[in-house]
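Working notes, structure below.
The values are calculated or read from the model by the stated rules, or taken from the named source; none is laboratory data. These figures come from a predicted structure and were not determined experimentally. Cβ: placed from backbone, ideal geometry, glycine included. Neighbour counts: every protein chain shown.
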Amino acid sequence: MIPLQFALSVVCLLSAVWLVVLLVRDRTPGRPLLNLLAAVEVALLVHLVLGIVRVTGDAPDGVSQWEYIGYLIGVVLFIPAGVIWSSGEKSRGGTAVLLVAVLLVPFMFVRLADIWAAGG
Amino acid sequence: MAEQHPGTGTGRGFGRVLVFVYGVFAVAATGRSTLQLATQASEAPVPYTLSAVAAVVYIIATFALATDRRRLALVAVGTELVGVLVVGVTSLLLPEDYPDATVWSDFGAGYGFVPLVLPVVGLWWLLRQGHQGRT
C-alpha cells in the first residue's frame, strides 16, 4: 500500500468511528465531517491520476491494467454518491450510507494492492 | 414520482443503506462483467455470463427498492438469493466449470460473503415493510 493510500485509509477509518458515534447518538453529520470527506475526495482524485500514471507506466507484465483503472475510478465514486444519496434522508439511514461509503474506500485499496500483487 | 408518505417505503430509513449497498454491487458487477466479456469472453463463457446476469439482477433490485416497487424488488431479491445459493453450491462441487470467479462463486467469499447476506437482509426488509400494512 502506497503512503497516500495508507493516509487516506486512516482518515476514512477515523471518519467511520465519527459516523458510528453520530449513529449511536442519532445525530446527522455536520459541516466539519462533510468538509473532511470533501478533502478525502480531492485526495482520491489525486490518487486516481497517480494510479493511472503508475499502472500505465511501470506496472509488472501480469497486472490487469483495465481492472486496476476500474477500481481507481470506482473508489472516487463512493463518497460523492454517498453524500448525495444520504442527503435525502436526514436520519440514521442517511448517516449509515456515509458509513458504508467511507468503509468501502480502504477495502478498494486492498483490492488494488491484490490486483498489483497478482501481476508481480 | 409522488412521495406517498415521507418516512415510509422500501427506500427510506434502513432501506436507504440497503439501496446504497445494492447500488454499489450493481456498479461493481456491471463493471466486472463488462470487462470480462469485452476482454476474455471465450475463456470462461459460463461464469462471465453469470456475472452479467448478476449485474442485471442487482440493477433491477436497486431500482425497485429505490422507487418502492415491492413486487419487483421481491422478484429481484428472490432471484439473487437463488442465484447465490445455486452458484455457491455448484462452484464448490464442480470447480472445473468455473475457471474464473463470478460475484456469486463460493457464496460470495471474494466479497466478504456480502452477496450471500444481502438478499437475506433484503427479503427481511421487504417482508417487514409488508407487515407494516402499507396501502
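Restricting attention to the stretch A:52-66, and to residues there that are aliphatic (A, V, I, L, M) and in a helix (DSSP H, G or I), which single residue is surrounded by the most Cβ atoms within 10 Å (Cβ to Cβ)? Checked the stretch A:52-66; the qualifying residue surrounded by the most Cβ atoms within 10 Å (Cβ to Cβ) is A:VAL55. Of all residues in the stretch A:79-96, those being outside any helix (DSSP H, G or I) and either surrounded by fewer than 21 Cβ atoms within 10 Å (Cβ to Cβ) or more than 7 Å from chain B (Cβ to nearest Cβ) (or both) number 3.
In the stretch B:30-59, the qualifying residues are those that are at pLDDT 90 or above and buried (at least 20 other Cβ atoms within 10 Å of the Cβ), and the one that is farthest from the other protein chains (Cβ to nearest Cβ) is B:VAL57. Condition test on A:ILE69, is it within 14 Å of chain B (Cβ to nearest Cβ), surrounded by fewer than 13 Cβ atoms within 10 Å (Cβ to Cβ), assigned to a helix (DSSP H, G or I) and free of Cβ contacts under 8 Å to residues at least 40 places away in the same chain? The answer is no for A:ILE69. A:ALA113 fulfils the conditions (1) surrounded by fewer than 20 Cβ atoms within 10 Å (Cβ to Cβ); (2) of a type in the set (Gly, Ala, Ser); (3) within 19 Å of B:ARG16 (Cβ to Cβ) except for a single criterion, (3).
Filtering the stretch B:51-102 down to residues that are part of a helix (DSSP H, G or I) and polar (S, T, N, Q), which residue is nearest to B:LEU37 (Cα to Cα)? It comes out as B:SER51. The single condition among (1) touching a Leu at 6+ places or on another chain (Cβ under 9 Å); (2) assigned to a helix (DSSP H, G or I); (3) touching a residue at least 60 places away in the same chain (Cβ under 8 Å); (4) more than 18 Å from B:VAL19 (Cα to Cα) that A:LEU36 does not satisfy is (3). Here B:VAL19 passes the criteria (1) in a helix (DSSP H, G or I); (2) away from every other protein chain (no Cβ under 11 Å); (3) surrounded by 18 or more Cβ atoms within 10 Å (Cβ to Cβ) except the one numbered (2).
Being closer than 22 Å to B:TRP125 by Cβ, touching a residue at least 40 places away in the same chain (Cβ under 8 Å) and among the aromatic types (Phe, Trp, Tyr) holds for only one residue in B:TYR48, B:TYR22, and it is B:TYR22. For the stretch B:103-112, taking the residues that are of a type in the set (A, V, I, L, M, F, W, C) and assigned to a helix (DSSP H, G or I), the one that is nearest to B:HIS131 (Cα to Cα) is identified as B:PHE107.
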